[in-house]
Amino acid sequence: MYASREDIGYDFGDDSKVGSKPVKPNPNIDGGWAWMIVLSSFLVHILIMGSQMALGILNMEWLEEFNQSRGLTAWVSSLSMGITLIVGPFIGLFISMCGCRTTAITGGILNALGWILSAYASNVHYLFLTFGVTAGIGSGMVYLPAVVMVGQYFQKRRALAQGLSTTGTGFGAFLMTALLKYLCTEFGWRNAMFIQGAISLNLCVCGALMRPLSPKDLCEKYVVRSDSEENRAKALSHSAETIKSNGVLSEEPEKKEEAANEEVLGSVQHIEIGGKSGSGRNMYGLRILKTVSQLTVTVRKGFALWYSSYFGAASLFTNRVFVAFIIWALFAYSSFVIPFIHLPEIVKQYNLSRQDNVFPLTSIIAIVHIFGKVILGVISDLPCISTWNVFLMANFTLVTCILTLPLMQTYVGLAVVCALIGFSSGYFSLMPVVTEDLVGTKHLANAYGIIICANGISALFGPPFAGWIYDITQKYDFSFYIAGLLYMVGIIFLLIQPCIQKKQPREKSTEEAQV
């Protein structure tokens, strides 16, 4: 059912040619420092995604403090979640130019600043700017590098590695819900946000752990991937013309550009050597010139890769399955976010606060979510199992739970549905794996940036929409029904496109045979 990027003719030029000599794999690929990257990504998910999943606690505090409508107040949480993901394509540009480590450290500082400034909010609109925009952008600058680095460091156990790292969302939702409840009770919501801002500075430490792989290491990874998958080599040699028509990145212009850049840097170095023999007064200016030249080269190369991924001949949007993936992402994420934001209100509406205080429904989702990510990751790494099929089955289960949740009005019924939501939403750990299968490791940052941007749009409008529907009907039922139906539309796109993509080459080959 799943058409990989080789099946549909998309290579994007990121796989190296399989050489005749065996290449010794880097010990850090699938081992060594790779597990430190998993730890770093795990902590990032706790501090960012876990905190966002616990915003239902702060949402209730803001409702009482500012006396605004549920729809307007929900925009604070939605902006934070949405902007974290929407900025993905632009964060891809930062990663191309500065690398994952620098981007993540900068984002950690910005995220902490957003939390701290929000402690002094005088109205909801102030929170839009400080918490929604500032903290949201900072979160995005840390979240995307955390996902991309795991994809770079793992090949054989990608699904398991992504599953382990993203379980931080579940742990974080459980821990942060309890922490924010305690902090709000003991110190008030303002001091709670100030303390959370100080905790968020640990994101800078997580970013420092993101040691980049050298280009040589990445090449070795591509060669190992090609050696381990014979059908990939066959797909690559199938038709050179087909690959060109689908928009492979041209390597010759890149080589020419690199040669020109090296020539510029070489001339600067030559002038610097001459300056040493002549006069020492110009040395400081020459060093500045050399630094500026190196920075310019880095920015140009990063921007060229980012631009070609979106608008060039090798645009990611020429991959129809990837486009269907984007459409699915536009509808999917809100169905997962809405329960986290509005479940505390639903529990209060059904007079179930006493049971929920003993074991919150959001904590049930968070705990089972942890096991769901790991189990689905392990299953997807099995050689006889298709990652795509596991991904689709989890989506079907989740959309069924979203449509069923409004029918449950007892704590036990809600707890069962929330547990299924937590397990099936474990497919989030498979999203980077599916994306990498479609576009390759080289374009993973930009491609996954687009996917989480679509998720961000979904998260941005989902909770306010649910709050707006409640303000009209005084019920959350229609919010879940509409979100579930839109989610189903996205799943249908995922089912249709691979079938169309497989059918087209067959029709084309039949026409050529007739000619």
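At a glance:
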quantity	calculated
The range 137-157: number of residues that are open to solvent by 30 Å² or more (accessible area, probe 1.4 Å) and either in contact with a Pro (Cβ under 6 Å, 6 or more places away or on another chain) or farther than 20 Å from residue 81 by Cβ (or both)	3
Matching option when the condition is under 24 Å from residue 89 (Cβ atoms) and either of a type in the set (D, E, K, R) or modelled with pLDDT of 80 or more (or both), among 383, 406, 432	432
Lone unmet requirement of (1) open to solvent by less than 40 Å² (accessible area, probe 1.4 Å); (2) modelled with pLDDT under 90; (3) in contact with a Lys or Arg (Cβ under 9 Å, 6 or more places away or on another chain) for residue 119	(2)
Residue satisfying all of: in the range 88-124; of a type in the set (Ser, Thr, Tyr) and within 20 Å of residue 75 (Cβ to Cβ); nearest to the chain's Cα centre (by Cα) among these	118
Residue match in the range 158-174 (condition: surrounded by fewer than 20 Cβ atoms within 10 Å (Cβ to Cβ) and of a type in the set (Lys, Arg))	no
Flag for residue 406 being under 24 Å from residue 486 (Cβ atoms), over 18 Å from the mean Cα position of the chain (by Cα) and not acidic (Asp, Glu)	yes
Flag for residue 216 being open to solvent by 20 Å² or more (accessible area, probe 1.4 Å), at pLDDT below 50 and farther than 22 Å from residue 40 by Cβ	no
Cβ pairs under 7 Å, 6+ apart, first in the range 470-499 and of a type in the set (D, E, K, R), second not in a helix (DSSP H, G or I)	471/69
Failed condition for residue 121, given (1) out of contact with any Ser or Thr (no Cβ under 8 Å at 6 or more places or on another chain); (2) more than 14 Å from residue 146 (Cβ to Cβ)	(1)
Test: residue in the range 437-455 that is out of contact with any Pro (no Cβ under 7 Å at 6 or more places or on another chain), of a type in the set (D, E, K, R), at pLDDT 80 or above and assigned by the TED database to the domain that holds residue 349	yes
Selection count where residues are assigned to a helix (DSSP H, G or I), hydroxyl-bearing (Ser, Thr, Tyr) and touching a residue at least 40 places away in the same chain (Cβ under 8 Å), scope the range 401-441	6
Qualifying residue in the range 124-147 (condition: under 27 Å from residue 422 (Cβ atoms) and hydroxyl-bearing (Ser, Thr, Tyr))	yes
Residue that is over 30 Å from residue 375 (Cα atoms), outside the structural domain of residue 424 (by the TED database), in contact with a Cys (Cβ under 9 Å, 6 or more places away or on another chain) and open to solvent by 10 Å² or more (accessible area, probe 1.4 Å), where the choices are 102, 134, 106	106
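Here's the yes/no breakdown for (1) at pLDDT 50 or above; (2) assigned by the TED database to the domain that holds residue 84; (3) open to solvent by 20 Å² or more (accessible area, probe 1.4 Å):
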site	(1), (2), (3)
7	no, no, yes
14	no, no, no
19	no, no, yes
49	yes, yes, no
52	yes, yes, no
55	yes, yes, no
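The values are calculated or read from the model by the stated rules, or taken from the named source; none is laboratory data. These numbers were taken from a predicted model, which means no experiment stands behind them. FYI the Cβ positions are ideal-geometry reconstructions off the backbone, even for glycines, and counts take in every protein chain you see. Quick note on the areas: whole protein, heavy atoms, side chains included, nothing else; ligands and nucleic acids left out. Shrake-Rupley method; radii C 1.70, N 1.55, O 1.52, S 1.80 Å.
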